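Report on the following structure.
The values are calculated or read from the model by the stated rules, or taken from the named source; none is laboratory data. Worth saying up front: this structure is predicted, and the values here are computed from it rather than measured. Note that we place each Cβ from the backbone using ideal geometry, even for glycine, and neighbour counts take in every protein chain shown. With ligands, DNA and RNA removed, areas are computed over all heavy atoms of the protein, side chains included. Shrake-Rupley method; radii C 1.70, N 1.55, O 1.52, S 1.80 Å.
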Amino acid sequence: MDFLHTGPFSFPVQDTYHHKNQWTKRWAAFRRWIGPGWRKRNVQEVNQGSSELQLGVSGDVTEAGSSQELKIYIPFESAELCVTQIAEDMKAMKKRHLQTVQELEENFHITAREAQEWTMQKVRSHYQNKLNTLRTFLDLYQDTMEKKKADWEKKVAELTAQNKQLLEEQSAERRRWKEETLQWQKEKSKMLDLFSSRLDVLHCHQASTLQELQMARQEIGQVQEILTVSSSQEQQEAAEEEEGSDNKEQTVACSVSDQPLEGANARLEGVKESLYQKEREISELLEAERSPIPPVPQPHCSVLLPTVITKAHEICSAVAESRALLNQMIEDNQVALAEARDKLHLHLQSTKDESNDKEKTPNQEGSDESSLSFLQETLREHEVCQIALDCIKSGESPVMNDYEMSEMEDILRQETLPTTQRSVKGVGQQLLLLQAQLKREKEERKKIIENYTSERAMRKKYYNMVEEMKGKIRVFCRIRPVNRSEATQGGAIVVDKLDDYSITVEAPRGPREFQFDKVFSARASQEELFQDVNRLMQSVIDGYNVCIFAYGQTGSGKTFTMVGDKDQKNPGIMPRSFNAIFDIMRENSSKFDFKVSAYMLELYNDRLQDLFVSQAGEAHSQTQSHGPTKRVEIKRNRKGVVFAQGAETKEASSAQELYALFQQACANRHISATRMNVESSRSHLIVGIMVESRNLTNGSVNTGKLSLVDLAGSERAAKTGAKDHQLKEANSINKSLSALGDVISALCAELPHVPYRNSKLTQVMQDSLGGNAKTLMIVNISPSEYNIDETLTSLIYATRVKAITNNAQRNVDSKEIAQLKEVIMKLKSGQTVEEMDV
Ligand code: ADP
Ligand code: MG
């Protein structure tokens, strides 16, 4: 404990000094210091009458040993001294205390400053650490960024190289294309040369046949002369016989001898007639060389030989003598044939033996050869004669094999048979030859026609393929069946399908031919048509912009083609394409993630109507809100793809769902009946189907669009019987179609300005005509004469469309771009960045 030493006093100094108890203690200490003497002295002093101080302290005095109340008097000076002392003490203490406080404050300040400095140091080091860590991170990040940058640069370089390579490949491909086209053109001209040379050959054949026929005619004339001579001889003989026999026998003999002559004459007449006929046919054939080849008629010549044989057979079976004569001839010929064979055999044997034994002189050799050929000829004569006789006997026509034919040709070419001697046989042989030759020529001509037809079809096919590759709009033509009203009017059918690629129309000024990428006759089913359309569905999945539209007069079958019939027993392209798209999606579901959405619009009186919003509902909402309805506007994105801004787009997860949406849309269409068509479409129907396919391997996204357009019909008001508001509709339809015509004309003429903006229809179809779409137009026509004007207009229109070139491109976005687009879409739809799962 610390003590204060002030004068004679020494007091303990405590923090609690100011306390009341402390004063009591102090007092006790003070009393002890004064001691008992102090009291006496004080009493004396009091008694001496000095000023006195009475202290009202009782407790302590009582404690000091006296039970009586004790009064202590302290001299004033002492008290004063004491108090002064105390006051000084107090001052000193205060001073001391203040010092202590000051010291303490100083200490506190020092300590606080130290603590602050320490904390500062700590904080500084903490932040320093953090800074270091961040610097490390930054370095790492910079490294990564640099690496990434290098990677990207590498990739860009690679892609540039790839692009360059692709461009080179493309140009090489183009060159190859050109070469192939040239090659193809060469082949085409070669084929045409071949064809014309074959025609020349045919021509030659026909000329030679004509010549031979003339020869045959001469021969027949000679035979006729011989027969006339022989008949006059027979008549003389009969007159001689008349003298020695009775009348009855005479008549019988006469009739018997006349009969074969009459038969032979009749036969000759038949032969002559047939020959004339053949001559006429061949001349016709020669004349028809340049005209389209008509179906081959059955030439009379081909039945000439069978007729001759049948006639001869009839004579033989009717006349006993000629039958006997025929039998006799057959027997004689058989004998002669056997002899000729033996002779030839012996001759061959002897020549063989002789050649083995010794060498021959040239003279001997020549005589041997001539005798051999003579023997061979004789044998052949007898063989042919045998065949002819057998045929006459049996009444059957001879069947020749190729070998026999060529042999026969050789014989006739050698002209070794003297016609006068072998009269009938020669004619028979020549006829056989002619028949065979004709048959061959017929076959050859048939083959040529087939070749020509197939070559023509191939040429068209390749031409179409080349045109498609060039990006030309493809045009199919579909002829609808004759309908009931046309049938009752009894009009003729003026449209005919020539082959898969062309049709002819019997126009008032003569027939006109039109070529298309494919022609479908009235018998072609919806399925057959869709088989040729289906290819485009894959293109949609691949990210192409595809447009299919039907064009034609009212009632020509556009809606039937695009939508199908009313009860959907024959669904059209639209429902079939829904199924086809989802089928392809199902097949590729392991590689792609698909999303299908659709909008359906109607262009009615030049106003675009969202078919997902019913007109009744729209009117209701309009009255409720008193505000304008949502406007549908046609816009184009950066890639030039048309889209309908403001139209509702609905997603579909199956073909059935899409079809249900389509039906819902169809229910909202404007339809009214005209005289041409009971349920005529009064508006253009536009169905847009967007297919987004995300590649699961590389994340790239293809966005394909299929536009299906069922145009309202081009029509003449007088013919359709349209009235009032129908007239307005018709005007609007015709206006939009003429705008479409203007666009097509401008594209065909490659004008710098194409008037797309003249109509909403042309705006909708901007990317399909001269744009980046793969476009297919189906021109529907009526086959009837009643509609010939409209049919011709439609066909001319379609031919012009065929000449338009599009530049079809795929819509592919890389993974990164697709993600960015998604983010932008979400931002547009009002999502915040935090809400997104980026
Ligand atoms: P558009 O739409 O061109 O005005 P529609 O498609 O409505 O003509 O056809 C008119 C009528 O002809 C309909 O009853 C339809 O069923 C019928 N039709 C059209 N094309 C064919 C066809 N190829 N086969 C059978 N019927 C057809
Ligand atoms: Mg229609």
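Quick look at the values:
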| read-out | value |
| --- | --- |
| Of residues in region 525-553 being in a strand (DSSP E or B) and of a type in the set (Val, Ile, Thr), the one farthest from ligand 1 (Cβ to nearest atom) | Val546 |
| Scan of region 544-553 for residues that are within 11 Å of ligand 2 (Cβ to nearest atom) and among the hydrophobic types (A, V, I, L, M, F, W, C), ordered by number | Ala550 |
| From Leu727, Leu792, residue being more than 14 Å from ligand 2 (Cβ to nearest atom), open to solvent by 20 Å² or more (accessible area, probe 1.4 Å), at pLDDT 85 or above and outside any loop (DSSP other than H, G, I, E, B) | Leu792 |
| Of residues in region 554-602 being within 16 Å of ligand 2 (Cβ to nearest atom) and in a strand (DSSP E or B), the one surrounded by the most Cβ atoms within 10 Å (Cβ to Cβ) | Met600 |
| Failed item, numbered, when Leu751 is tested on (1) at pLDDT 85 or above; (2) not in a loop (DSSP other than H, G, I, E, B) | (2) |
| Residue selected from region 525-543 under the condition of a type outside the set (Asp, Glu) and surrounded by fewer than 17 Cβ atoms within 10 Å (Cβ to Cβ), by the criterion nearest to ligand 2 (Cβ to nearest atom) | Ser525 |
| Region 312-339 residues that are under 26 Å from Arg380 (Cβ atoms), paired with ones that are open to solvent by 60 Å² or more (accessible area, probe 1.4 Å) and among the hydroxyl-bearing types (Ser, Thr, Tyr) (beta carbon under 8 Å, 6 or more apart) | His313/Ser394 |
| Meets criteria (among the hydroxyl-bearing types (Ser, Thr, Tyr), within 16 Å of ligand 1 (Cβ to nearest atom), at pLDDT below 85 and in contact with a Gly (Cβ under 7 Å, 6 or more places away or on another chain)) for Thr674 | yes |
| Qualifying residue in region 474-487 (condition: closer than 20 Å to Asp532 by Cα, at pLDDT below 75 and either of a type in the set (Lys, Arg) or assigned to a helix (DSSP H, G or I) (or both)) | no |
| Scan of region 764-789 for residues that are more than 16 Å from ligand 2 (Cβ to nearest atom), over 20 Å from the mean Cα position of the chain (by Cα) and touching a residue at least 12 places away in the same chain (Cβ under 8 Å), ordered by number | Val764, Pro783, Ser784, Glu785, Tyr786, Ile788 |
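Here's the yes/no breakdown for (1) open to solvent by less than 100 Å² (accessible area, probe 1.4 Å); (2) in contact with a helix residue (DSSP H, G or I) (Cβ under 9 Å, 6 or more places away or on another chain); (3) at positive phi; (4) modelled with pLDDT of 80 or more:
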| position | (1), (2), (3), (4) |
| --- | --- |
| Trp38 | yes, yes, no, no |
| Gln48 | no, no, no, no |
| Glu52 | yes, yes, no, no |
| Ser67 | no, no, no, no |
| Glu103 | no, no, no, yes |
